[in-house]
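Here is the structure we will look at, set down as structure tokens.
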Amino acid sequence: MMLDNLRTLSMLDWLENDLLLTIISCEPASSDASFRRYFRVKTNDGQFIVMDAPPDKENTGPFIRIAGLLALSGVNVPTIFQQNRTEGFLLLEDFGSQCFLDQLNESTADSLYQSAFDALLLLQTRTAIASCGLPSYDAPLLQRELGIFEDWFLNDALDTPIAQPVWEAVRTLLVNSAGEQPVVCVHRDYHSRNLMVLPENSPGVIDFQDAVIGPITYDLVSLLRDCYIAWPQARLDQWLAHYYGRLVQAGLLSCPLADFKRWFDLMGMQRHLKAIGIFSRLHLRDGKSNYLQDIPRTLNYVIGVCASYPELAEFREFLLGQVLPNLEGLVASPELGQDKVALETL
């Protein structure tokens, strides 16, 4: 607690004594799965967001560099007004507190997702991947991410190891599918909590500091098969076909829709396995157990994909027969009952 207080005092000292801002109020705005924190500050000069990124745990450099890169592509990212990289503070434009997740419902989904598609197409078509300097989302990184699922969820959280031949077949299938796809700039967390609803030039896009060059379906599946909200398959298929058409028109794709759908499904499965592992790690290592409530919905996506591809039948049997029976002991949320019924009917 003392360290938190010292960080906050250092932040206020920077704002008031270095930037000469008169602070009217300073309140926590949000936190995320990393060590970063965000504060909303009201001043005589306006309202801002301050990022607090402890330099021994976080690096503000990628955020600053990628913010400039995406802004050049026409993506609406927060303006960085001031920076203190030594102490790990950034003074940012305030996009408000309404994210897509707060606004999404049956009547708003089409318009909100259309705006998200518009921003995503800018990201994918206008970012020069040959010269942007972003790292590659390559096979070793994909394998490491899949290891998070095995280590933190199966082994540590559930104590339910998987037979290695089954797991090796899954990993090979997913990594190979990702490697077949055209590559573009990938936000890497393009979902409803990182898209802000704005009165103009919506959405505001945040949390982009982990951007890479990677598979073309990655951000689309992050958006449409969101870990925090689920939609009926028929509606999802409509959105998928619509965006596929835009990618073809933009010259980024030349494959049949069926191939794109397979890439989308398997890319989503890779992402969701990683997410389940991260949710477990946040619970076990960082004490952020609220993320456990998102595991049933996310696992539901995985088992749904497995049901569509015969080569994943053994993995599906493992999830249904060994993982699900142990999941109730880990996840205690009202949503679990609903998702478990859905899983068992697949």
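The values are calculated or read from the model by the stated rules, or taken from the named source; none is laboratory data. Remember, predicted model here, so these are calculated numbers, not experimental data. In this analysis, Cβ positions are derived from the backbone assuming ideal geometry, glycine residues included, and neighbour counts consider all displayed protein chains.
Is it the case, given these coordinates, that I213 is within 30 Å of R37 (Cα to Cα), aliphatic (A, V, I, L, M) and assigned to a strand (DSSP E or B)? Against the criterion (within 30 Å of R37 (Cα to Cα), aliphatic (A, V, I, L, M) and assigned to a strand (DSSP E or B)), I213 qualifies. Of all residues in the range 242-259, those that are among the hydroxyl-bearing types (S, T, Y) have Cβ atoms under 8 Å from Cβ atoms of residues that are in a loop (DSSP other than H, G, I, E, B) and surrounded by 13 or more Cβ atoms within 10 Å (Cβ to Cβ), 6 or more apart or on another chain, in Y244/L253. Of the residues examined, G268 is not one that is closer than 20 Å to W152 by Cβ, without any contact (Cβ under 8 Å) to a residue 24 or more places away in the chain and out of contact with any Leu (no Cβ under 7 Å at 6 or more places or on another chain).
Here's the yes/no breakdown for (1) touching a helix residue (DSSP H, G or I) at 6+ places or on another chain (Cβ under 6 Å); (2) farther than 30 Å from D102 by Cβ:
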| site | (1), (2) |
| --- | --- |
| A157 | yes, no |
| T160 | yes, yes |
| A163 | no, yes |
| R171 | yes, yes |
| V175 | yes, yes |
| G179 | no, yes |
| S192 | yes, no |
| M196 | no, no |
| E200 | no, no |
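Counting residues in the range 103-123 that are over 16 Å from F208 (Cβ atoms), modelled with pLDDT of 95 or more, in contact with a strand residue (DSSP E or B) (Cβ under 6 Å, 6 or more places away or on another chain) and buried (at least 17 other Cβ atoms within 10 Å of the Cβ) gives zero.
Taking the range 128-173 as the range and being assigned to a loop (DSSP other than H, G, I, E, B), among the hydroxyl-bearing types (S, T, Y) and within 26 Å of S308 (Cβ to Cβ) as the test, the residues that pass are Y137, T160. Among the candidates L252, L247, the residue that is assigned to a loop (DSSP other than H, G, I, E, B) and modelled with pLDDT of 95 or more is uniquely L252. Of all the numbered requirements in (1) surrounded by fewer than 21 Cβ atoms within 10 Å (Cβ to Cβ); (2) part of a helix (DSSP H, G or I); (3) acidic (D, E), E200 misses one, and that requirement is (2). Against the conditions (1) in contact with an Asp or Glu (Cβ under 9 Å, 6 or more places away or on another chain); (2) within 23 Å of D259 (Cα to Cα), F208 satisfies every one except (2).
Considering the range 235-249, the residues that are under 16 Å from P215 (Cα atoms) and not aromatic (F, W, Y) include one that is surrounded by the most Cβ atoms within 10 Å (Cβ to Cβ), namely L247.
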